[in-house]
Amino acid sequence: MSKKVYCTAQFLPKAGKEAEVFATLQALEPNAHREDGCIQYTVTRHIASPFAEGESYPIAFHEIWSDTAAFEAHCQRKEIVEFFETNCVAENGPVEKWNVCVYSDEPVDFDAPVL
């Protein structure tokens with residue numbers, strides 16, 4: 001079974017702050033690519049397509065980590081903590097909303113009782 005962790009981190013910049021948020025997130029890529037367990041770490045912008053009409057924030061990171069420990073170590077890095085504190089949590093930060101979710105590709109028995 002795979003132990004990989006897939007993370008999608010979406011960001012809704014405040015009005016007029018899209019370029020600033022995108023550039024700030026891009027600056028996080030080089031160090032993340034050097035982290036143990038980083039398989040993919042790419043910031044992207046939403047594009048229009050008639051084949052993908054779902055709702056999304058305009059900026060999203062697509063991340064793949066070798067396992068939960070690698071993902072959690074990344075989340076605790078000083079520059080990641082500072083990014084969220086300065087850009088997302090701070091009242092004057094350029095990010096209005098954010099949504100970070102992690103996923104697994106391991107099969108799940110959805111009929112099994114939850115403990």
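The values are calculated or read from the model by the stated rules, or taken from the named source; none is laboratory data. Fair warning: this is a prediction, and the values are worked out from it, not measured in the lab. A quick note on method: Cβ atoms are made from the backbone with ideal geometry, for glycine too, and the neighbour counts reach across all protein chains shown. Calculation scope for accessible area: heavy atoms of the full protein, side chains included, ligands and nucleic acids excluded. Shrake-Rupley method; radii C 1.70, N 1.55, O 1.52, S 1.80 Å.
Of note:
- Scanning segment 51-74 for residues that are out of contact with any Leu (no Cβ under 8 Å at 6 or more places or on another chain) and either within 26 Å of residue 16 (Cα to Cα) or acidic (Asp, Glu) (or both) yields 52, 53, 54, 55, 56, 60, 62, 63, 67, 72.
- Pair list, Cβ under 6 Å, 6 or more apart: segment 62-83 residue touching a residue at least 12 places away in the same chain (Cβ under 8 Å), other residue among the hydroxyl-bearing types (Ser, Thr, Tyr): 62/42; 63/41; 64/6
- Close pairs from segment 7-28: first in contact (Cβ under 8 Å) with a residue 12 or more places away in the chain, partner open to solvent by 70 Å² or more (accessible area, probe 1.4 Å) and aromatic (Phe, Trp, Tyr), Cβ under 9 Å, at least 6 apart: 7/103; 8/103; 9/98; 10/98; 11/98; 12/98
- Summed over segment 63-98, residues that are in a strand (DSSP E or B), open to solvent by less than 70 Å² (accessible area, probe 1.4 Å) and not charged (D, E, K, R) total 3.
- Set 27, 48, 52: member being within 16 Å of residue 80 (Cβ to Cβ) and surrounded by fewer than 14 Cβ atoms within 10 Å (Cβ to Cβ): 27
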